[in-house]
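Asks: Dropping a structure here in structure tokens format, bear with me for questions.
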Amino acid sequence: MLLGIISALAEEQQGLVEAMQSPYKLVHGQRTYWVGQLWEIDAVCVLSRIGKVAAAVTATTLVEKFGVTHILFTGVAGAGDKSVRVGDIVVAESLVQHDMDASPLFPRFEVPLTGLTHFPADHHLSTRLADAAYAFLDEDFAAAIAPQERAAFGLTRPRVHRGLIASGDQFMDDPAHINRLNADLPGLVAVEMEGAAVAQACYELAIPCAVMRTISDNANENAATDFLRFVKSVAAQYAFYVVRRFCRQDEETVKIQASRESAGT
Ligand code: SAH
């Protein structure tokens, strides 16, 4: 596995780059790619910047220039449903571009000439990511997030949701808009600005991808409040610990396989 890890915001990427073993950096197409190892996994970390085009270009470059075989996206998102709260983790099952509308030529949300409205996330990779997220919340959360930050953002019992993520080139801060989208897109759990673009690029290049988002806001008028503080003190920690658990699951699997082999089973 050569794992490409895309983050949308610098604060989310920093911890991962610092954890890399023997990293070297390569600048290409106005982005800095960090190539090295993360907890024994060969990885390339990169900041996509914000928006669908930025994310699609980054994902494509990871595949075409760096030869990554799998892609993970970590970032923050607005809640897409009332059951989803700030501090929860969302892992995408599929992703849709909510601002794609070439009707009446094509149905609303359908990406022309692909025949698809929803692009799938890889099931196996997403399950591994969700397992890492559950383990993080059960075992690391209390130590990883400072008590005053938990109190400031009202994080009590965060949960993991798996479902539909909608992406568009728009920061969503209007509850009426979210309600309409939620009605038009059953199973919606989060809204953000990159995931579905990565999913389309990966679909077209036949690369498995998974997307994890920490819910930073309720996509309402308070969405921008303390956004940066949340990213730094909460979302960056979530991304770091979940990716660490994700990578170490592989170490565990390798260890189990090795011990089975040496036991001759
Ligand atoms: N106010 C921020 C802007 C961040 S843009 C700033 O000044 O830096 C929003 C980023 O967070 C994008 O990467 C997007 O994917 C995600 N995001 C979080 N909440 C969102 C929301 N309510 N709508 C759209 N994207 C959101």
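The values are calculated or read from the model by the stated rules, or taken from the named source; none is laboratory data. Keep in mind that this is a model prediction, so the values were computed, not measured. Neighbour counts are summed over all protein chains in view; Cβ atoms, including those assigned to glycine, are modelled from backbone coordinates with ideal geometry. Note: areas computed on protein heavy atoms with side chains; ligands, DNA, RNA excluded. Shrake-Rupley method; radii C 1.70, N 1.55, O 1.52, S 1.80 Å.
Asks: Checking the condition buried (at least 23 other Cβ atoms within 10 Å of the Cβ), more than 16 Å from the chain's Cα centre (by Cα) and either farther than 28 Å from His124 by Cβ or not small (Gly, Ala, Ser) (or both), which residue from Leu2, Leu72, Leu26, Leu38 passes?
Replies: Of Leu2, Leu72, Leu26, Leu38, the one residue that is buried (at least 23 other Cβ atoms within 10 Å of the Cβ), more than 16 Å from the chain's Cα centre (by Cα) and either farther than 28 Å from His124 by Cβ or not small (Gly, Ala, Ser) (or both) is Leu38.
Asks: Might you let me know whether the range 37-53 holds any residue that is more than 13 Å from the ligand (Cβ to nearest atom), touching a Lys or Arg at 6+ places or on another chain (Cβ under 7 Å) and at pLDDT 95 or above?
Replies: yes
Asks: On to the next question. Name every residue in the range 156-174 that is touching a helix residue (DSSP H, G or I) at 6+ places or on another chain (Cβ under 8 Å) and modelled with pLDDT of 95 or more, in order of residue number.
Replies: Of everything in the range 156-174, those that are touching a helix residue (DSSP H, G or I) at 6+ places or on another chain (Cβ under 8 Å) and modelled with pLDDT of 95 or more turn out to be Pro158, Arg159, Val160, Arg162, Ile165, Ala166, Ser167, Gly168, Asp169, Met172.
Asks: A further question on this structure: Only residues that are touching a residue at least 24 places away in the same chain (Cβ under 8 Å), out of contact with any Leu (no Cβ under 6 Å at 6 or more places or on another chain) and buried (at least 16 other Cβ atoms within 10 Å of the Cβ): list them for the range 117-133, please.
Replies: The answer is His118, Pro120, Ala121, Asp122, Leu125, Ser126, Arg128, Leu129, Ala130, Asp131, Ala132, Ala133.
Asks: Among the residues of the range 89-113, what is the count of those that are in contact with a strand residue (DSSP E or B) (Cβ under 9 Å, 6 or more places away or on another chain), assigned to a loop (DSSP other than H, G, I, E, B) and surrounded by fewer than 23 Cβ atoms within 10 Å (Cβ to Cβ)?
Replies: Number of matching residues: 5.
Asks: Out of everything in the range 160-180 that is within 24 Å of His123 (Cβ to Cβ) and open to solvent by less than 40 Å² (accessible area, probe 1.4 Å), what residue ends up being nearest to the chain's Cα centre (by Cα)?
Replies: Ile165
Asks: Please go through the range 204-219 and give me each residue that is in contact with a helix residue (DSSP H, G or I) (Cβ under 9 Å, 6 or more places away or on another chain) and on the phi > 0 side of the Ramachandran plot, ordered by number.
Replies: Selection gives Ala219 alone.
Asks: Answer yes or no as to whether Val57 is within 21 Å of Tyr203 (Cα to Cα), out of contact with any Gly (no Cβ under 6 Å at 6 or more places or on another chain) and open to solvent by 60 Å² or more (accessible area, probe 1.4 Å).
Replies: Here the answer is yes, as Val57 does meet what is asked.
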